[in-house]
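Data first, discussion second: the structure below is written as structure tokens.
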Amino acid sequence: MSNIVRQVPFPRESTIAGWLPDADLADAFAINLMKEDAALGIEALARSALGHPGPWFRALLSVRDQLVRPFGVKSSRQLREEAAADGAAHIDFFRVISMSRDEVILGEDDRHLDFRASLLLRPRRDTDGAELIATTVVHCHNLVGRAYLFAIAPFHRQVIRANLAAAAGRGWR
């Protein structure tokens, strides 16, 4: 099975589909899974895709955290610590909003922007495998949120693609 990550239409069956109207950013990327990988379950797939970022991403995140501090945007460390202090489930610094058999919703709301990310496990019609779809939707509240989104959007797309490909390369373990 190929580790090719492709941009796909927004999955209408996603729990976050209601976030699409007036979104400042909405994108979806998918990767095909073998039946055995899909059987690992959505939580394991989500943790593999988002819980083990490469060193280049950690360095990029560190730069991001330093640059956004003066604007009151929470750092990844703050987000991780807040989720842990609240006893909330989280994958790396992403707070888990909800989880079902086939979908994990991650997100955060703050004064600058609200975001939701979905990892959706969906059967493929053309094989006995499945696909994992990573979807992100962002709503900005002010100029700081829009400027932040403008700055990180190109990196966001590369990070999503790289994380999905890397997880597949590790065999989703």
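The values are calculated or read from the model by the stated rules, or taken from the named source; none is laboratory data. What you see is a predicted model; the values in this text were computed from it and never measured. For the accessible areas, the whole protein counts, side chains as well, though only heavy atoms, and no ligand, DNA or RNA atoms are used. Shrake-Rupley method; radii C 1.70, N 1.55, O 1.52, S 1.80 Å.
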Inset, instruction - Calculate how steeply helix 143-169 sits against the longest principal axis of the alpha-carbon atoms of the chain, using the helix alpha-carbon long axis, and give the answer as 0 to 90 degrees to the nearest 10. - result: 30
Inset, instruction - With a 1.4 Å probe and every protein chain left in place, tell me how much accessible area Val5 has, in Å² to the nearest 10. - result: 20
Legend entry - Thr136 accessible area, assembled protein chains, probe 1.4 Å, Å²: 10
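Given Cα pairs under 8 Å that are at least 6 residues apart, what percent is the relative contact order of the chain? Display every interim value, and only then the final one.
Numbers: 279 pairs, mean separation 52.5, N = 173.
Taking the mean separation of contacting Cα pairs over the length of the chain, I get 30 percent.
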Legend entry - Which labelled figure in [x] 56; [y] 68; [z] 60 is percent of Cα pairs over 19 Å apart, once derived from the coordinates: [x]
Inset, instruction - Round to the nearest 10 and give me the degree value, 0 to 90, for the angle of helix 76-86's Cα axis relative to the longest principal axis of the chain. - result: 80
Inset, instruction - Compute the long axis of helix 55-68 from its Cα atoms, compare it with the longest principal axis of the Cα atoms of the chain, and write down the angle in degrees, 0 to 90, nearest 10. - result: 30
Legend entry - Probe 1.4 Å, all protein chains present, accessible-area order of Asp110, Asp128, largest first: Asp128, Asp110
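Ignoring ligands, DNA and RNA, what percent of the accessible area of the chain is carbon or sulfur (1.4 Å)?
After summing per-atom areas, the C and S share lands at 57 percent.
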Inset, instruction - Over the range 68-147, average the accessible area per residue using a 1.4 Å probe and give it in Å², no decimals. - result: 50
Legend entry - With DNA, RNA and ligands ignored, accessible area of Arg157 (1.4 Å probe; Å², nearest 10): 90
